[in-house]
Amino acid sequence: MTYTTARHWSFVAFSSLLITLLAWSTANSAPAFIVSVTPSSHSVSFKAQSQSSLNLHVAVFALSGKRIFDSTPQTTKSLSWPLTDSQGRRLANGVYFYVATIQTAGALQRQVGKLVIQSGRLLASAQKATVIPLGTGNGAPTGAHYNLNIIGVPKDKTADMTGTNGHVIFVPLYGNAKIFLQAGPDFLVLDANGTDSNGASFQLPNPDPTGTGVTTYSVYARALGTPGGSSILTTCATDPSTGELLCSTENLVSVRNTGKSSFDNVSKQLLTIVIVVDPTTNPGLAACLHISSTTTVRLPLFDPCLQSFLWDYDNNGLKLLQLRFYPVPTTVGTTP
């Protein structure tokens, strides 16, 4: 599955969404509405119908899959859209699709509908919308995702695993490994061998290129394998002005207990880095971040003030850490 770093989906991903909606509509002839769509003079309002709604997120797409409007998740029950694109330009006449997601205390739900716009006004909206429950019994969303398995092995691998493009990274069953991160348009394993001195290498899209505190995709994790193993995964990066390796004060601790293993949203731990910046010891970094006194900051993965991002993996017998990357946003915030 490919996700772009810009705030839009690829045509393939958008087509997959529409196919999913068609299949869901066939199986559910009378879906419930979770969001009402009401036109006014030159805008349209989206209102969550559930009184238990915690936040509302609306995105509008052209038929090509280009994202026209994105509200980002808002702690409100209603949103207004002025029928313009992100540059404030009036939309061309045509058919558009909206995706509205609400979060309640117990679940996430998504509604997709059609909008017909003419002369800067909403001419019509779909009479029926599709509701897709996003939660599953294992704690992860449903739908398309990229799967990455980090496998602990008792013996180091000797084969060349550069450019394997698989979905597996091997790390020591006991000990430390480095997974070097590279920004790119796709999720790709560039080097699967994390047991040698070169470490593993993984490519993933920039999750928050504009630094809004809302990621364009989310990461979920669960520990699998023989009960008793555990691991700690920490995001690190280098201060380019000093060469110092800085590691986040937040990390992902995974423990394989007995019984069923469930996914947790770990986007904060893996897609951001929380560090203490001291202008005395890190003057270049402090200047880049416009910091004049010692401050703890949360920065997104691939923030331009840092370089050479990596995941530091300390394994204590965990045989499998499974990561899933879903094209759904997570509010990680911009502060620790």
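Please treat every number below as a calculation from the coordinates, not as lab data. Only a predicted model underlies this, so the values are computations on that prediction, with no experimental measurement involved. For neighbour counting, all protein chains shown are included, and Cβ atoms are generated from backbone atoms with ideal geometry for every residue, glycine included.
Each part gets one Cα centre, and for segment 144-210 versus segment 232-271 those centres are 15 Å apart. In terms of its alpha-carbon gyration tensor, segment 216-320 comes out prolate; a/c meets the 1.5 threshold, and the first ratio a/b outweighs b/c. Taking a point 7 angstrom from the Cα of residue 176 along the C-beta vector, which residues in segment 291-322 have backbone N less than 13 Å away? 311-315, by backbone N distance to the label point.
Under 17 Å of direct C-alpha separation, and excluding same-chain neighbours fewer than eight residues apart, residue 157 reaches these lysines: 178, 319.
In straight-distance terms, cross-link reach from residue 47 covers every one of the lysines whose alpha-carbon lies under 24 Å from its own, apart from those fewer than eight places away in the same chain; here that gives 66, 77, 114, 128.
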